[in-house]
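**Student:** Quick one: the structure is below, questions incoming.
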């Protein structure tokens with residue numbers, strides 16, 4: 001069974017609006033969560049991370065929220081730009097391992 | 001640094017043939033991961049090396065798959081014999097140090113494999 005789940009395979013958002021990508025997990029003993037962005041024909045690239053001891057981390061237009069009681073995290077992109085159109089993966093980093101979700105394809109409509 | 005280098009970028013082969021995928025990690029990184037991307041399972045870990053030693057190969061689908069890391073700058077993933085269900089994008093990623101929790105992996109561009 002998937003340790004990390006991204007239940008929305010796709011999301012469309014108007015340029016300038018907020019994009020919210022969600023991720024659910026099952027493991028309570030993790031170190032970090034990381035978000036990656038992937039363009040077609042390229043490998044995933046790191047976007048932002050959050051430690052298990054925090055509930056929010058912000059970097060420019062990107063903010064990740066962690067709700068440990070609900071075992072849920074979300075990535076907010078504000079404002080969304082057409083260049084943000086990509087597949088986004090969340091990944092749990094536990095010890096030396098990384099467990100990835102199935103990804104959410106974001107389309108930002110100009 | 002050139003980043004993680006993978007070759008070939010694309011591979012088309014016939015069922016039953018041997019396929020070898022290659023990876024050169026970032027210099028100085030001591031961990032290397034092989035992943036397979038599919039629609040159903042997302043990024044699926046196949047095997048993970050630390051200091052050239054395989055640490056976890058529980059994700060390797062079956063005996064047809066094998067991976068080696070003969071030195072710190074090179075790794076191979078071999079499929080023999082290949083089957084159509086092996087068609088996927090295979091990524092290699094390197095990580096600076098297994099003890100650096102929360103530090104990102106760095107992915108190569110991937111090898112798109114199609115087995116006919």
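**Student:** Taking the Cα centre of each part, how many Å lie between region A:8-66 and region B:1-60?
**Tutor:** Taking the Cα centre of region B:1-60 as reference, the centre of region A:8-66 is 24 Å away.
**Student:** How large is Rg over Rh for region A:1-50, taking Rg from the Cα atoms and Rh as the Kirkwood inverse mean of 1/r across Cα pairs?
**Tutor:** Here Rg/Rh amounts to 0.99.
**Student:** Right, another one. For the pair residue B:7 and residue B:76, how long in nm is the line joining their label points, each one 7 Å along Cα→Cβ?
**Tutor:** So the two model labels end up 1.3 nm from each other.
**Student:** Something else: Return the single residue from B:18, B:62, B:83 with maximal mean-square fluctuation; model: Gaussian network over chain B, springs between Cα atoms under 10 Å.
**Tutor:** B:62
**Student:** Among B:39, B:69, rank each residue by its count of other Cβ atoms within 10 Å, from fewest to most, as a rough exposure measure.
**Tutor:** B:39, B:69
**Student:** Mind listing the Cα extents of the protein assembly as shown along all three principal axes, in Å, largest one first?
**Tutor:** 48, 38, 36 Å, listed from the longest principal axis down.
**Student:** Could you check how many percent of all C-alpha pairs in chain A are farther apart than 22 Å?
**Tutor:** 25
**Student:** So for the pair residue B:85, residue B:101, with labels modelled 7 Å out along Cα→Cβ, what separation do we get in nm?
**Tutor:** Rounded to a tenth, the inter-label distance reads 3.7 nm.
**Student:** Have a look at A:93, A:57, A:27 and tell me which one the Gaussian network model of chain A (Cα, springs below 10 Å) gives the largest fluctuation.
**Tutor:** A:27
**Student:** Another one. So if R0 is 25 Å, what FRET efficiency would residue A:78 and residue A:107 give, r being the distance between their Cβ atoms, rounded to the nearest 0.05?
**Tutor:** 0.95
**Student:** Using only C-alpha atoms and all pairs of different ones, pull out the Kirkwood radius for region B:18-60 in Å with one decimal.
**Tutor:** Taking every pair of different Cα atoms in region B:18-60, averaging 1/r and inverting gives 11.5 Å.
**Student:** If I histogram all Cα-Cα distances within region A:48-110 using bins 5 Å wide from 0, what percent of pairs lands in each bin?
**Tutor:** 4, 15, 23, 26, 19, 9, 3, 1, 0
**Student:** Full-extension gain between residue A:69 and residue A:45, please, as 0.36 nm times their residue separation minus the C-alpha to C-alpha distance.
**Tutor:** Gain on stretching residue A:69 to residue A:45: 5.8 nm.
**Student:** Once R0 is set to 35 Å, what does the formula 1/(1 + (r/R0)^6) return for the Cβ-Cβ distance between residue B:114 and residue A:29, expressed as a FRET efficiency to the nearest 0.05?
**Tutor:** Values: r = 39 Å, r/R0 = 1.12.
With a Förster radius of 35 Å, E is 0.35.
**Student:** How long is chain B along each principal axis, judged by its Cα atoms, biggest number first, in Å?
**Tutor:** Cα extents, longest axis first: 40, 28, 28 Å.
Since every read-out is calculated from the coordinates, none of them should be taken as a lab result. Predicted model only: the values in this text are computed from it and were never measured. Note: ideal-geometry Cβ built from the backbone for every residue, glycine included; neighbour counts use all protein chains shown.
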